[in-house]
Every structure is written in C-alpha cells, then in structure tokens.
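Structure first, commentary second.
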Amino acid sequence: MSTKLSLVKVGVFGSSHGVKGLIKVFSDGDSLLSKTTPFHCKIQLKDGREETIHILSLKTNGNHLLAQIDGYIVPETVVRFRSGSLFMERGELPKTDPTEIYTSDLIDLQAKNKETGIVLDYRIVDVMDNPAHPILVFRSTTEDPKQIMVPFLHRFVGDWDFDSQTIEVIDWEQWFVI
C-alpha cells in the first residue's frame, strides 16, 4: 500500500500581472511546464477552501510562470487566488528518477538522528514553501517543543529511507534552542 499523497503541490500563486488577468505562479520544478494547456488542476486558497480551476495558458516569465485562468480576465478578479497553492494528481506528473522526489513524499517520515542512529519521536507533518528552500515541519506528540521547523538543506537533513519511513536530521539539538 502506498502512503504517497494522490495530490502533489506544484506551485503557489503570486500577484496579478498586467491588465489581462494573468497571475504569477511560482513553481520549484518543471511539473507545470510539462503540462499541455489547457488543463484542470486543484487549488487550495489562502483561507483553506479548495477549488478546481481550468488553466488556459501558461508561459515562462523570468523566475516565475504566468497563468491565464478560465473566467478571469481582469486583475481585480484574479487576486482572489493570491497565495493559493496549486495541486495536480500524481499520475499526471512526470515520473521521477530514483534520485528525485516530490517534497510532499517526505510527509509522515520519522526523524532519525544521523550521528546516533536513534529514531526520534518527530514526524514531518508539512513542507512549507520558502523562497530560499523548503522548510520541513516536524511535530511530536510526546515532547516539547511540539513543532520544529528545519530547513531542507544538506547541512541539516541527511538521507531519507522510504522503506524504514525515516529521514536523517543533523545537529538536531540546535533546533530546540531556537
């Protein structure tokens, strides 16, 4: 049985762009560009509500993409999507090679101290977007602090093992003092 989520986050909406109702999309990979427009995708708005939208066009513009959403032709209407997250069905995404993952695949992995090999009582409950790098949100059910945020960088995170459902953390103790 697979524990992978069926929906994978592929981007976040930014501000509107221009006068034709385009909206900026920030995406970490090529998943969105691999899609042929038009296509449907699911979104989660800033307030938590979920909707399905129809993207008519998508093009590269500097460090982001520009999307035209069906039914939204002026900037004043498209701003409702700002800070919303875009999701696509895993089956619609390009297959990853064995050395690549979608960061959402890390959710529910348990922390393991790389230096000692001890499995800790912290699991990844979320992967937050950050302009510099993703942030792994670990949560414990038995210890304080209940939640710890760790940058997803090689300096702080080692290897992960989907078979044992663990992810190595480095210099773990420093996150309790921050």
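The values are calculated or read from the model by the stated rules, or taken from the named source; none is laboratory data. If you're wondering where the values come from, they're calculated on a predicted model, not measured in any experiment. Here the Cβ is made from the backbone with ideal geometry for all residues, glycine too, and neighbour counts use every protein chain on show. Only protein heavy atoms, including side chains, enter the accessible area calculation; ligands, DNA and RNA are left aside. Shrake-Rupley method; radii C 1.70, N 1.55, O 1.52, S 1.80 Å.
Taking into account only those residues within the stretch 123-134 that are modelled with pLDDT under 90, assigned to a strand (DSSP E or B) and hydrophobic (A, V, I, L, M, F, W, C), which is most open to solvent (accessible area, probe 1.4 Å)?
M128
Which one is nearest to R123 (Cα to Cα), of the residues in the stretch 135-163 that are touching an Asp or Glu at 6+ places or on another chain (Cβ under 6 Å) and open to solvent by 90 Å² or more (accessible area, probe 1.4 Å)?
T142
Can you spot a residue in the stretch 105-112 that is in a strand (DSSP E or B), more than 15 Å from S16 (Cα to Cα) and touching a residue at least 60 places away in the same chain (Cβ under 8 Å)?
Within the stretch 105-112, one or more residues are in a strand (DSSP E or B), more than 15 Å from S16 (Cα to Cα) and touching a residue at least 60 places away in the same chain (Cβ under 8 Å).
What about L32, is it among the aliphatic types (A, V, I, L, M) and closer than 14 Å to M88 by Cα?
yes
Here's a check for you: in the stretch 164-176, which residue that is of a type outside the set (G, A, S), open to solvent by 50 Å² or more (accessible area, probe 1.4 Å) and on the phi < 0 side of the Ramachandran plot is modelled with the lowest pLDDT?
Filtering the stretch 164-176 for residues that are of a type outside the set (G, A, S), open to solvent by 50 Å² or more (accessible area, probe 1.4 Å) and on the phi < 0 side of the Ramachandran plot, the one modelled with the lowest pLDDT comes out as F176.
Which of (1) modelled with pLDDT of 90 or more; (2) more than 15 Å from S16 (Cα to Cα) is the odd one out, the single condition I69 does not satisfy?
Tallying (1) modelled with pLDDT of 90 or more; (2) more than 15 Å from S16 (Cα to Cα), I69 fails exactly one: (2).
Could you please tell me which pairs satisfy a Cβ distance under 6 Å, a separation of 6+ or placement on different chains, a first residue in the stretch 58-81 that is without any contact (Cβ under 8 Å) to a residue 24 or more places away in the chain, and a second residue that is open to solvent by less than 20 Å² (accessible area, probe 1.4 Å)?
Pairs found: K59/L66.
Looking at the structure I just gave you, is F87 closer than 17 Å to G14 by Cα and either of a type outside the set (S, T, N, Q) or touching a helix residue (DSSP H, G or I) at 6+ places or on another chain (Cβ under 7 Å) (or both)?
yes
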